[in-house]
């Protein structure tokens, strides 16, 4: 017998368990819960606005557990372009989606597709807002417009019980429950996966389901989101939950138990219900025991439509807010659909225990488009040069690795009109002279309205009250050159490399 072989075998056998114990398992990628409010103004939440008349205890508590941003911006000041930027890391100009109408042609990788490649289970619960394609009896496919919500003519051609196309499941999501466009007024049916839920009929070319109750929709999708959190927590792989709600977007219909709570009208009550919803989702994350390894993000898609001079707000509700001294967009000018700060500066809070300092505040300039590059960095995905062209990795900001020194960055703010683009660099903001088309109810011919050139120093004039365009020609030229380069390239030209912050 070869005693040397036996001795060597014993040594190896004894060493194997020790070697196994010394190896450290790779850390699990973090779960991601992204809560996106709809038309919530910067000044609607108490932690952003000491003068807010709306109690938002859950959102304020979240800010105390994570990092609150004071200079965060949406990609476009309307629903669809903002969501497009979030999901693709590209701004609306890259897709020529300046307004809410276009929704069919996605020619780039989406963030959920990227996360799926990194092993994530991906789900969306709530408002998709890009429409879907329905199959017709004649073999054609018809696109449901996300603005009108109407089916193409003839309305009796469409198979309401057949699977749809070009919805969330074709953009990288494993699961979908919600509506393809804004619920209520235009759409009264939920979808799960690719199909409509319940018995659905068309009334005036709009779908109506016997299982859809608009008044209860926010609570319904909140329960569905909580279910997805439980499902995600039970899986071996990490999960990404995208939760775009419909509130406080019009129609303003707070649930019965929230009506009259704030004392400043239905809008205030609806915002308060949004805060309740945040509390429910946070509780679901905490109760499943996954909060320490979950990134929780709260943001709005754009500013509030309740501001002086808005054509979108309800006059009665707006008057009630004025009487009670509540400013939905805080100190910022205008609101949804505008190039002014009130249109695109948004509430934005991130919680990630062990990585983000609780109760911290950042004044860095960031965008909703940044999440693609940020999640790519966190999950180990290597961005290709054609992906997420307008997205920056802001995880160093989250983790406190960036000092208070401002990052050298340029943002371009679109307001829904391709001719109106604002430029932001550092403390300076330029709105160049431009024209936009306005169609009045009395006249079918669009009216070209001139917008004079404007320059603001946001460090001393955040409310954009004093136009100092003529006093700083050098600054105006620099910002104009940046805008020209951007419009020529159709993406954020100053990037050194997409997804990278130059520290």
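Worth a mention:
- Qualifying residue in the range 190-198 (condition: within 24 Å of residue 39 (Cα to Cα), free of Cβ contacts under 8 Å to residues at least 12 places away in the same chain and over 20 Å from the mean Cα position of the chain (by Cα)): no
- Residue, modelled with the lowest pLDDT, within the range 402-424, restricted to residues that are over 18 Å from residue 451 (Cα atoms) and surrounded by fewer than 18 Cβ atoms within 10 Å (Cβ to Cβ): 404
- When 279, 198, 193, 232 are checked against the criterion of being under 17 Å from residue 123 (Cα atoms) and surrounded by fewer than 23 Cβ atoms within 10 Å (Cβ to Cβ), 193 stands alone in meeting it.
- All conditions but one from (1) in contact (Cβ under 8 Å) with a residue 24 or more places away in the chain; (2) under 22 Å from the mean Cα position of the chain (by Cα) apply to residue 143; the one that does not is (2).
- The test for being touching a residue at least 24 places away in the same chain (Cβ under 8 Å) and assigned to a helix (DSSP H, G or I) does not hold for residue 391.
- The residues listed here are 350, 361; of these, the one that is crowded, with 24+ Cβ neighbours inside 10 Å, outside any loop (DSSP other than H, G, I, E, B) and in contact (Cβ under 8 Å) with a residue 40 or more places away in the chain is 350.
- Checklist (1) closer than 28 Å to residue 115 by Cβ; (2) touching a helix residue (DSSP H, G or I) at 6+ places or on another chain (Cβ under 7 Å); (3) surrounded by fewer than 22 Cβ atoms within 10 Å (Cβ to Cβ) applied to residue 205, failing item: (1)
- Qualifying position, being in contact (Cβ under 8 Å) with a residue 12 or more places away in the chain and farther than 20 Å from residue 261 by Cβ, among 56, 70: 70
- Candidates 286, 292, 370, filtered to the one that is crowded, with 24+ Cβ neighbours inside 10 Å, modelled with pLDDT of 95 or more and in the same structural domain as residue 44 (by TED's automatic domain parsing): 370
- One residue alone among 62, 40 is in a loop (DSSP other than H, G, I, E, B), under 25 Å from residue 129 (Cβ atoms), modelled with pLDDT of 95 or more and in the same structural domain as residue 376 (by TED's automatic domain parsing), and that residue is 40.
- Restricting the range 148-180 to residues that are surrounded by fewer than 17 Cβ atoms within 10 Å (Cβ to Cβ) and within 19 Å of residue 81 (Cα to Cα), the residue that is modelled with the lowest pLDDT: 148
- Given (1) under 17 Å from residue 59 (Cα atoms); (2) crowded, with 21+ Cβ neighbours inside 10 Å, index of the condition residue 265 fails: (1)
The values are calculated or read from the model by the stated rules, or taken from the named source; none is laboratory data. This is a predicted model, so every value here is computed, not measured. Glycine also receives a Cβ, built like all others from the backbone with ideal geometry; neighbour counts cover every protein chain displayed.
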